[in-house]
Amino acid sequence: MKQAIIKGVIVGIGVILQIFITLLIYIFLIEKIWLITILYFIIQILLLLGLIRNSKNYSYTLPWIIILLLFPFLGTLLYVAIGQNKYSSKTLKRIMASEKNSKKYLVQDEKIASEFKNNSRLRYISDYSGYPVTKNNEVEYYELGEKALPFILNELKKAEKFIFFEYFIVSQGHMWDSILEILKEKAASGVDVRVMYDDAGCIATLNSKYPSYLKSLGIKCVVFNKLNPIAGVIMNNRDHRKILVIDGRVAFSGGINIADEYININSPYGHWKDNAVKVEGEAVWNYTVMFLTIWNSFIKEDKDFTKFKYEFKKIKGSKGYVAPYGENPLDEEITGENIYLNIINQANDYVYIFTPYLIIDTDMINSLILAAKRGVDVRIVIPGIPDKKLVYTLSESYVEPLVQGGVKVYKYTPGFIHAKVFVADDHIATIGTLNLDYRSLYLHFECGLYLENVDCISDIKKDALDTIKKSHLITKKEATPKLLKAIWQAILRLFAPLM
């Protein structure tokens, strides 16, 4: 916590200094106020026209337009710093170049593609997500973080060539210590061990010297977009992925970060409901390329990714289609949200959803309500105990229209639900890191695992139903806020893209 406060203070000072310098320039040129006003007005109009012209989603764009109109000076500074950072950030430019280079490694098998030519959901993923749909896989689903940990440790102990580790949060404690002990042993034995974590995600958990500590153990380390007084506040796109790849043979992903609350040790918000998946088979290559793409944008050490590809024999009992996919804020395609919408729009019987945050656009709201109106059993589970009260209040503002439209929304009574799951019609599911909020869908680097006709989908459905049994169904009366709360929620919605 001390380290987080120090980092926060440093970044805060940087922001204040930038605003102060801007004001000084403004005051110094006060005699030219008429010229500044004209130039400023032109910039504001250009920004507004650019927003309107290039908007991919007006639910996301409209709050920015309102902020620019209500707070011209501050709004313009904020938008240039946050809303347009992908055009100015050197980090993002490097990632964009690395993404372009990695596309050659992600090729759809034409024989498999011919099998799903009449399946629009799979065709979308294959043609537009940038990640191939695969077969010859075995997938295991773990309904809690503590159930996944023993399997993660067991597979880490088997590592012979490399371990790729990418998580938003890493926190010292039982979970990380158990993993780190194995990583140290493997690094000492010559295994290529690489650890990547997000600096903002670990602001309160790891100090600035931790990468040096890992390197002293023989573990390579990359800190995604280090926070600093100038560039740190500009970079609004964080690495929210959870990826562990071992020898190219097996991969883990899902909702869990690497911290004790994710395995229900000292959880501050009641029972922590989360999940993880293990993938063994051809689909692991998608995760491998995801990791290497980001890693090589920071440390260019791999000229050829194919040396990390594992050649699988036929996996007994494998069935169905498996497609790990990445969400990239630099790409024009809104992959994660479109996969979610395709599931909702094509569901016939039911759609069950887990999400810790519910900050959604009109497309998502309308799709959920329309599905409910055509007879689909639509159920959403959100936390019963919030981790961020302000964000939770904003999430509650979206519950009312959904409940009024026939969607069943539940609060997970035992505590906090961090899992991100869609399961539909007994044969479709996706699990990953994408929350139903603007940050996950538009701003962060994310990943998901799409499944069709895979055996573990029955386990996912069972977990959904078991979780719903422990949850409270929100009534229409409960969903309707009182006047003052409704006004406060309306104000919060104005700033939804920033949350």
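The values are calculated or read from the model by the stated rules, or taken from the named source; none is laboratory data. Just so it is clear, the model here is predicted, and its values are computed rather than measured. Virtual Cβ from ideal backbone geometry, glycine too; neighbours counted across all protein chains shown. Keep in mind that these areas ignore ligands, DNA and RNA; they rest on the heavy atoms of the full protein, side chains included. Shrake-Rupley method; radii C 1.70, N 1.55, O 1.52, S 1.80 Å.
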Next item on the list: Considering (1) open to solvent by less than 70 Å² (accessible area, probe 1.4 Å); (2) in contact (Cβ under 8 Å) with a residue 12 or more places away in the chain; (3) under 30 Å from TYR213 (Cβ atoms), say which one PHE151 fails and leave the rest.
Entry: (1)
Note to self: If a residue must be under 18 Å from the mean Cα position of the chain (by Cα) and of a type outside the set (Phe, Trp, Tyr), how many such residues does segment 246-276 contain?
What the structure shows: 12
Check: Could you say whether any residue in segment 163-176 is aromatic (Phe, Trp, Tyr), under 26 Å from GLY317 (Cβ atoms) and not in a helix (DSSP H, G or I)?
Finding: no
Next item on the list: Taking only segment 171-183 into account, find how many residues are of a type outside the set (Gly, Ala, Ser), out of contact with any helix residue (DSSP H, G or I) (no Cβ under 6 Å at 6 or more places or on another chain) and open to solvent by less than 60 Å² (accessible area, probe 1.4 Å).
Entry: 4
Next item on the list: Could you grab me the full set of residues in segment 258-276 that are crowded, with 24+ Cβ neighbours inside 10 Å and either of a type in the set (Phe, Trp, Tyr) or within 20 Å of PHE422 (Cβ to Cβ) (or both)?
Entry: TYR262, TRP272, LYS273, ASP274, ASN275, ALA276
Notebook entry, point to check: If the Cβ limit is 8 Å and pairs must be 6+ apart or interchain, which residue in segment 355-382 that is over 12 Å from TYR340 (Cβ atoms) and touching a residue at least 40 places away in the same chain (Cβ under 8 Å) pairs with which residue that is part of a strand (DSSP E or B) and of a type in the set (Phe, Trp, Tyr)?
Noted result: PRO356/PHE416; ARG379/TYR350; ARG379/TYR352; ARG379/TYR410; VAL381/TYR352; VAL381/PHE354; VAL381/TYR410; VAL381/TYR412
Next item on the list: Could you tell me whether segment 323-337 includes any residue that is open to solvent by 10 Å² or more (accessible area, probe 1.4 Å), modelled with pLDDT of 95 or more and out of contact with any Pro (no Cβ under 7 Å at 6 or more places or on another chain)?
Entry: no
Check: Within segment 301-353, restricting attention to residues that are of a type in the set (Gly, Ala, Ser) and not in a helix (DSSP H, G or I), which residue is nearest to VAL222 (Cα to Cα)?
Finding: GLY326
Next item on the list: Just need a number here: residues in segment 277-290 that are open to solvent by less than 10 Å² (accessible area, probe 1.4 Å) and not in a loop (DSSP other than H, G, I, E, B).
Entry: 9
Check: Quick check: anything in segment 360-372 assigned to a helix (DSSP H, G or I), modelled with pLDDT under 95 and within 22 Å of GLU261 (Cβ to Cβ)?
Finding: no
Check: Among THR293, THR306, which is the only one that is in contact with a helix residue (DSSP H, G or I) (Cβ under 9 Å, 6 or more places away or on another chain), open to solvent by 50 Å² or more (accessible area, probe 1.4 Å) and more than 21 Å from LEU122 (Cα to Cα)?
Finding: THR306
Next item on the list: Look through LYS161, LYS220, LYS157 and report the one residue that is closer than 24 Å to GLU280 by Cβ and touching a residue at least 60 places away in the same chain (Cβ under 8 Å).
Entry: LYS161
Notebook entry, point to check: Right, GLU140: within 25 Å of the chain's Cα centre (by Cα), acidic (Asp, Glu), in a helix (DSSP H, G or I) and under 18 Å from VAL250 (Cα atoms) or not?
Noted result: no
Note to self: Of all residues being open to solvent by 50 Å² or more (accessible area, probe 1.4 Å) and part of a loop (DSSP other than H, G, I, E, B) in segment 186-228, which is farthest from HIS444 (Cα to Cα)? Just the residue, please.
What the structure shows: SER189
Next item on the list: State all residues of segment 466-477 that are touching a residue at least 12 places away in the same chain (Cβ under 8 Å), open to solvent by 60 Å² or more (accessible area, probe 1.4 Å) and not in a loop (DSSP other than H, G, I, E, B); if no residue qualifies, say none.
Entry: HIS472, LEU473, LYS476
